[in-house]
Amino acid sequence: MKPNTVGREGGRDPLPFPPAYPDVEIGCPAMGAVLTLDGEMPAEHLFPGDRVITRDAGAVTLKDLQRVTLRTRAIRLSCGLILPAAQPVLLRDWRAKAMFKRPQARVMAGDLVDGEFIRDLGHRTLDLVQLHFDSPHILYCNGVELSSAALPARMRPAA
């Protein structure tokens, strides 16, 4: 049985998966609750080897993570989550249909600013955790579906 996952029917996503490691300004807030097999855990409490629940592949093994502090443009979502503007977010509501004529799309958080429910906070210092897997995935952070980055080939263990 095929899981109901993020599909790519109808062409490419409007936003490709982010480049991997570590020069990208993306990540979960350090205290953001990431969904794992052990329940919700703050991103800063995760370790390589933990099993993270993803939308597209179920439970996957966290290969690596980096804790970073960035001075970057910050976006506050209506749920209170503060993300870097470059963080890809999966949309699966009317906005994906209105903006991209698709049932779902990955969009940078900064492109969703509406001034009411999603606000631009300007440049802020953010403590983030960048989660890396063998391939990019959609993970859950405070209930928001975020794109992760893949572990670069140079850092993968030899087969």
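The values are calculated or read from the model by the stated rules, or taken from the named source; none is laboratory data. Remember, predicted model here, so these are calculated numbers, not experimental data. Every residue, glycine as well, gets a Cβ built from its backbone with ideal geometry; the counts of neighbours run over all protein chains shown. When the accessible area is computed, the model is the full protein with side chains, heavy atoms only, and any ligands, DNA or RNA have been set aside. Shrake-Rupley method; radii C 1.70, N 1.55, O 1.52, S 1.80 Å.
Quick notes on this structure:
- Hey, R67 in contact with a helix residue (DSSP H, G or I) (Cβ under 9 Å, 6 or more places away or on another chain) and surrounded by fewer than 17 Cβ atoms within 10 Å (Cβ to Cβ) or not: yes
- If you go through region 110-125 and keep only what is at pLDDT 95 or above, closer than 13 Å to E25 by Cβ and of a type outside the set (D, E, K, R), you end up with H123, T125.
- Restricting region 89-140 to residues that are acidic (D, E) and in a loop (DSSP other than H, G, I, E, B), the residue that is farthest from C79 (Cα to Cα): D134
- G49 falls short on exactly one of the conditions (1) more than 16 Å from the chain's Cα centre (by Cα); (2) assigned to a strand (DSSP E or B), and that condition is (2).
- Pair list, Cβ under 6 Å, 6 or more apart: region 28-54 residue among the acidic types (D, E), other residue open to solvent by less than 20 Å² (accessible area, probe 1.4 Å): E44/A30; E44/V129; D50/T36; D50/L62
- For region 48-64, the set of residues classified as hydroxyl-bearing (S, T, Y) and open to solvent by 30 Å² or more (accessible area, probe 1.4 Å) consists of T61 only.
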